């Protein structure tokens, strides 16, 4: 019997606000434990939450960008359960009136287009962090992270393969980065993903029993965990046994999922409306104002790069995959209208120098490119100018001068070098004249060597060819 | 006349005229407490007279006038335990907004008032410390949950106090102790720093010796607070300045559901006389119906306990307060055992009852039938009032179905205890302002209170009527004897 | 019977409330009475009514995304029932 995997993903991203969702503590990572706290995020008796306006706008913006229908009236609810990383033993979240619902994300996997529906987008607060010292009978709690704004994006179970899931996550992350609502960095924990997966016989409409997967720390891990589950569940069903509805954790080292010993029995979260927060009502005008802040999204940008800016599909995909890179591309294009050349430089040398951001300005980069294209420096020299620029921030012209990288194109100067090479390499000259074209490249190479790389290779080649004709 | 017997506004006058200085007020209060406190136990723990500093940090309306606040209102560094074992040792690292406002107006806290544990009660008997007693007759309860706040003012151990009101917890003890107690409109006074019972119902309010003090205190503590998202951003009127207007032509509604067959005849009598007095001052009356009144207590006990069960979940021994580390039940994982032992030992019986009921009405399968339904009934109750207020300015009712009952009389009958709130609960459900003021004494010498409800954010009308009534009667001058 | 002893135990577990057997018993009796009283709400026609749950007189109250000072952690940690360094300490959660 052939089975089909049915996969839904729940993604949590930390929003890039300056402060936490309900208090003025900063939204920063890596501070000394329990120093970024206040009565509100600690849930001290008597404290009250007040919603961060930026978080609310970012949530609506994300919902709109994902094609969701925004709600006119939005409400927060309490999700009640006991856990030491939850200061109030309830989490302020959203139950039945979230920011936006019923959107979708179009993905393309192996050339096939698929529409993954997005069920809802809602805002909630993060819990603190727990540390379990090995071998000890206690755990430690740090509330620095408690209260950080989390956006939860829930998909419908429209994915059917680990590749679908991987692509969905990649595309979703890119959109959220374009919106500048989150860094989506799984390593720093600003993006987390849980998966729900079940199998059903192909053609069947009803869903099978699902397992919830947690503890996947990268998109690759999500893909691997889903692949493992498909195999595991497939085996069980093949033996005509039942799948247990449970939560399973991914073990990165062993590359398998295992049952989480019950953390909670049946969760009865007893959701009810958060009485400390009022209802939030969005006018159409306000929704439109937020919608206007949505920049051109990755898919549209890709299309525009290919159709209007004459970038190849292959190059465009790389460029738009990092918003800053695509921005840099367009800024360079404004100064120097050579899309292919700029694309090559960005995708090659510039990308290899990238730290968290790209340490070049459009002006300096286009200057380097034009120096190379005009023959003022060789391609190789251009790359080393770029490296120096990144390191020191000096201008390309200054570096060129300081390092004496100006390419030699002057015919008189070249002639001297060429003559010397011809004189020192009689055998190669003879080989060339006898019809071995490779010998030309060798001779040009010698020109480069002798000129310490400064000769303009094209000019050298042309001149050498002409000169050899006279041999 | 010893200064502790005076009102805040009288002391204001004497202080401004430099006829007295603040130290004298404290000295007289201290002396009064020495005599009276052992008999009534209004305070959660010994007052802190020694910490009082008279250096004029702030000059304001209440300069030099001390405050007593209920043990569920946070003051920085002071023990604030909600009269509960589970908050043993808790000292909040911050001031409630109302405390900040009191301090900014020159006042200072001298004591925390005893209360029903976590404000669960109508008699001050569920305090983990001891019950407070009614100054008028120490065999009787002072009412609750702000029993200590009311008793201390009635006994002249305090000039004024702040309490909290979720279902009547300011008004009912005020009535039982013969003083003035005000529950402001929901959102009029910040709840930041009030240890929450039921977030959509709670309000902090003043308990005072007369209406002028009530107006004065509301002026000081009211106002929008950016730290409380349910507080309303509208200007605070100068309530004391608005007192003294006559009440001719004010239209007052009498809801028939509050005056039923079989109601306590002394309470009925006192209200009847009050009505006549008001009538003689030019007030016109009309009988109205608030048809959903009979459902108020039921709706309240679902909504309030649901919210309370969630608000009290944070008391788990992790960050502060009691933690029970004895492992008596090794079958449970250690963390779960700690939660259960701590909460089992730390909460009293009434708190447990409400937590269980509240958890139950929110639980899977019951939410629609209980919480959701109660929230809809709440909307209907509010509608009833909105309709009445289209034709009337104010509503007059008794505050409590009876005068103060005896200690122990209702402790074995929770439902009966809940029904003591029958006249006060609707104002919380509808978010309306309401005051209780003394309007009589029973034959046995126990106070009877009348309640005036007003339109949202129109406390000045309540004060206007209450003030005229008070100035034309002598109930507010009556003091408990034999203390 | 509206609420059984097992119901009480189940709810007490959800609420992480330790109860003795005699407490379970008296709670069951008392809650039975209270729930019977509360059942009167079933008589009300709420079919056309919207629930009233959130702040009665306020909408859209929020704060600007501006940092405020945090509190001194010493004030909190030093008085915690158990702590190790600057962490709160709790019995282990078995996962």
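Can residue B:93 be described as buried (at least 21 other Cβ atoms within 10 Å of the Cβ), at pLDDT 90 or above and assigned to a loop (DSSP other than H, G, I, E, B)? Full working, then the answer.
On the way: buried (at least 21 other Cβ atoms within 10 Å of the Cβ): no; at pLDDT 90 or above: yes; assigned to a loop (DSSP other than H, G, I, E, B): yes.
Criteria not met by residue B:93.
In the set A:306, A:317, A:377, A:372, which member is crowded, with 16+ Cβ neighbours inside 10 Å and touching a residue at least 12 places away in the same chain (Cβ under 8 Å)?
Details: A:306 fails: touching a residue at least 12 places away in the same chain (Cβ under 8 Å); A:317 fails: crowded, with 16+ Cβ neighbours inside 10 Å; A:372 fails: touching a residue at least 12 places away in the same chain (Cβ under 8 Å).
When all the criteria are applied, what remains is A:377.
Of the residues in segment C:63-80, how many are at the interface with another protein chain (Cβ under 7 Å from one of its Cβ atoms) and more than 30 Å from residue A:59 (Cα to Cα)? Write out each step before concluding.
Residues of segment C:63-80 at the interface with another protein chain (Cβ under 7 Å from one of its Cβ atoms): C:63-68, C:70-71, C:73, C:75-77, C:79-80.
Filter once more, so that each one left must be more than 30 Å from residue A:59 (Cα to Cα): C:73, C:75-77, C:79-80.
Summing the residues that are at the interface with another protein chain (Cβ under 7 Å from one of its Cβ atoms) and more than 30 Å from residue A:59 (Cα to Cα) in segment C:63-80 gives 6.
Tally up the residues in segment C:40-65 that are surrounded by fewer than 18 Cβ atoms within 10 Å (Cβ to Cβ), in contact with a strand residue (DSSP E or B) (Cβ under 9 Å, 6 or more places away or on another chain), at negative phi and in a loop (DSSP other than H, G, I, E, B), please.
Going through segment C:40-65 one residue at a time, the tally reaches 2.
Which residues, counting only those in segment B:462-478, are in contact with a strand residue (DSSP E or B) (Cβ under 8 Å, 6 or more places away or on another chain) and closer than 22 Å to residue B:427 by Cβ? Quick ask: steps written out before the conclusion?
Of segment B:462-478, the ones in contact with a strand residue (DSSP E or B) (Cβ under 8 Å, 6 or more places away or on another chain) are B:462-463, B:465-466, B:469-470, B:473, B:475-476, B:478.
Answer for segment B:462-478, where residues must be in contact with a strand residue (DSSP E or B) (Cβ under 8 Å, 6 or more places away or on another chain) and closer than 22 Å to residue B:427 by Cβ: B:462, B:463, B:465, B:466, B:469, B:470, B:475, B:476.
Among the residues of segment C:49-62, are any more than 7 Å from chain B (Cβ to nearest Cβ) and touching a helix residue (DSSP H, G or I) at 6+ places or on another chain (Cβ under 8 Å)?
yes
Select from segment B:353-362 the residues that are more than 12 Å from chain A (Cβ to nearest Cβ) and crowded, with 24+ Cβ neighbours inside 10 Å and list them in ascending order.
Within segment B:353-362, the first condition is being more than 12 Å from chain A (Cβ to nearest Cβ), and the residues that meet it are B:353-354, B:356-357.
Scanning segment B:353-362 gives B:354, B:356, B:357.
Do you know which residues across segment B:294-322 are within 21 Å of the chain's Cα centre (by Cα) and over 30 Å from residue C:75 (Cβ atoms)?
Within segment B:294-322, the first condition is being within 21 Å of the chain's Cα centre (by Cα), and the residues that meet it are B:296-309, B:311-312.
Selection gives B:296, B:297, B:298, B:299, B:300, B:301, B:302, B:303, B:304, B:305, B:306.
If only one of A:290, A:320 is at pLDDT 90 or above and outside the structural domain of residue A:398 (by TED's automatic domain parsing), which one is it?
Testing whether each residue is at pLDDT 90 or above and outside the structural domain of residue A:398 (by TED's automatic domain parsing) leaves just A:290.
Being modelled with pLDDT of 95 or more and more than 9 Å from every other protein chain (Cβ to nearest Cβ) is the requirement here; does residue A:72 meet it? Talk me through it step by step, then tell me what you get.
Details: modelled with pLDDT of 95 or more: no; more than 9 Å from every other protein chain (Cβ to nearest Cβ): yes.
Answer is no for this residue.
Can we say residue B:406 is over 30 Å from residue B:154 (Cα atoms), out of contact with any helix residue (DSSP H, G or I) (no Cβ under 9 Å at 6 or more places or on another chain) and away from chain C (no Cβ under 14 Å)?
Numbers: over 30 Å from residue B:154 (Cα atoms): no; out of contact with any helix residue (DSSP H, G or I) (no Cβ under 9 Å at 6 or more places or on another chain): yes; away from chain C (no Cβ under 14 Å): yes.
No, not satisfied.
Among the residues of segment C:66-74, is there at least one that is surrounded by fewer than 17 Cβ atoms within 10 Å (Cβ to Cβ), in contact with a strand residue (DSSP E or B) (Cβ under 6 Å, 6 or more places away or on another chain) and not in a strand (DSSP E or B)?
Scanning segment C:66-74, I find at least one residue that is surrounded by fewer than 17 Cβ atoms within 10 Å (Cβ to Cβ), in contact with a strand residue (DSSP E or B) (Cβ under 6 Å, 6 or more places away or on another chain) and not in a strand (DSSP E or B), so the answer is yes.
Check every one of the strands (runs of 3 or more DSSP E) wholly within segment A:78-150 and list those with 2 or more residues that are within 14 Å of another protein chain (Cβ to nearest Cβ) and surrounded by fewer than 18 Cβ atoms within 10 Å (Cβ to Cβ). Let's see the steps before the verdict.
On the way: elements: A:90-93, A:100-109, A:112-125, A:129-131, A:138-142.
Result: A:129-131.
Here is a list of conditions, (1) in contact with a helix residue (DSSP H, G or I) (Cβ under 7 Å, 6 or more places away or on another chain); (2) at the interface with chain B (Cβ under 7 Å from one of its Cβ atoms); (3) surrounded by 15 or more Cβ atoms within 10 Å (Cβ to Cβ), and residue C:83 meets all of them except one; can you say which number that is?
(2)
Based on this model, can you work out whether residue B:170 counts as over 21 Å from residue B:482 (Cα atoms) and buried (at least 24 other Cβ atoms within 10 Å of the Cβ)?
Details: over 21 Å from residue B:482 (Cα atoms): yes; buried (at least 24 other Cβ atoms within 10 Å of the Cβ): yes.
Here the answer is yes, as residue B:170 does meet what is asked.
Looking at A:194, A:185, can you tell me which residue is under 32 Å from the mean Cα position of the chain (by Cα), free of Cβ contacts under 8 Å to residues at least 24 places away in the same chain, assigned by TED's automatic domain parsing to the domain that holds residue A:27 and outside any helix (DSSP H, G or I)? Break it down into steps so the answer makes sense when it comes.
Values: A:194 fails: free of Cβ contacts under 8 Å to residues at least 24 places away in the same chain.
Answer to the selection: A:185.
Which of (1) farther than 26 Å from residue B:270 by Cβ; (2) within 11 Å of chain C (Cβ to nearest Cβ) is the odd one out, the single condition residue B:430 does not satisfy?
Every listed condition holds for residue B:430 apart from (1).
Can you spot a residue in segment A:276-290 that is more than 29 Å from the chain's Cα centre (by Cα), in contact (Cβ under 8 Å) with a residue 24 or more places away in the chain, closer than 30 Å to residue B:332 by Cα and crowded, with 17+ Cβ neighbours inside 10 Å?
The answer is no, given that none of the residues of segment A:276-290 is more than 29 Å from the chain's Cα centre (by Cα), in contact (Cβ under 8 Å) with a residue 24 or more places away in the chain, closer than 30 Å to residue B:332 by Cα and crowded, with 17+ Cβ neighbours inside 10 Å.
Please state which one of B:286, B:282, B:365 is more than 19 Å from residue C:31 (Cβ to Cβ), more than 10 Å from chain C (Cβ to nearest Cβ) and without any contact (Cβ under 8 Å) to a residue 40 or more places away in the chain.
On the way: B:286 fails: without any contact (Cβ under 8 Å) to a residue 40 or more places away in the chain; B:365 fails: more than 19 Å from residue C:31 (Cβ to Cβ).
Step by step, each of B:286, B:282, B:365 is checked, and only B:282 is more than 19 Å from residue C:31 (Cβ to Cβ), more than 10 Å from chain C (Cβ to nearest Cβ) and without any contact (Cβ under 8 Å) to a residue 40 or more places away in the chain.
Within segment A:13-36, track down each residue that is surrounded by fewer than 18 Cβ atoms within 10 Å (Cβ to Cβ) and within 23 Å of the chain's Cα centre (by Cα).
A:18, A:28, A:29, A:30
Of the conditions (1) part of a loop (DSSP other than H, G, I, E, B); (2) at pLDDT 95 or above; (3) within 17 Å of residue A:39 (Cβ to Cβ), residue B:98 clears all except one; give me its number.
(1)
Okay, residues lined up against (1) within 19 Å of residue B:399 (Cα to Cα); (2) more than 16 Å from the chain's Cα centre (by Cα):
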| residue | (1), (2) |
| --- | --- |
| B:86 | no, yes |
| B:91 | no, yes |
| B:100 | no, yes |
| B:138 | no, yes |
| B:162 | yes, no |
| B:174 | yes, no |
| B:177 | yes, no |
| B:185 | yes, no |
| B:188 | no, no |
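Restricting attention to segment A:211-225, does a residue exist that is within 14 Å of chain C (Cβ to nearest Cβ) and either farther than 27 Å from residue C:77 by Cα or touching a residue at least 60 places away in the same chain (Cβ under 8 Å) (or both)? Steps first, answer last, please.
As a first pass, look at segment A:211-225 and keep what is within 14 Å of chain C (Cβ to nearest Cβ): A:214-215.
If we keep only those that are either farther than 27 Å from residue C:77 by Cα or touching a residue at least 60 places away in the same chain (Cβ under 8 Å) (or both) as well, we get A:214-215.
Looking for residues that are within 14 Å of chain C (Cβ to nearest Cβ) and either farther than 27 Å from residue C:77 by Cα or touching a residue at least 60 places away in the same chain (Cβ under 8 Å) (or both), one finds at least one in segment A:211-225, hence yes.
With B:246, B:228 as the choices, which residue is touching a residue at least 24 places away in the same chain (Cβ under 8 Å) and either under 20 Å from residue B:212 (Cα atoms) or exposed (fewer than 15 other Cβ atoms within 10 Å of the Cβ) (or both)?
On the way: B:228 fails: either under 20 Å from residue B:212 (Cα atoms) or exposed (fewer than 15 other Cβ atoms within 10 Å of the Cβ) (or both).
Matching residue, one of B:246, B:228: B:246.
The values are calculated or read from the model by the stated rules, or taken from the named source; none is laboratory data. Just so it is clear, the model here is predicted, and its values are computed rather than measured. FYI the Cβ positions are ideal-geometry reconstructions off the backbone, even for glycines, and counts take in every protein chain you see.
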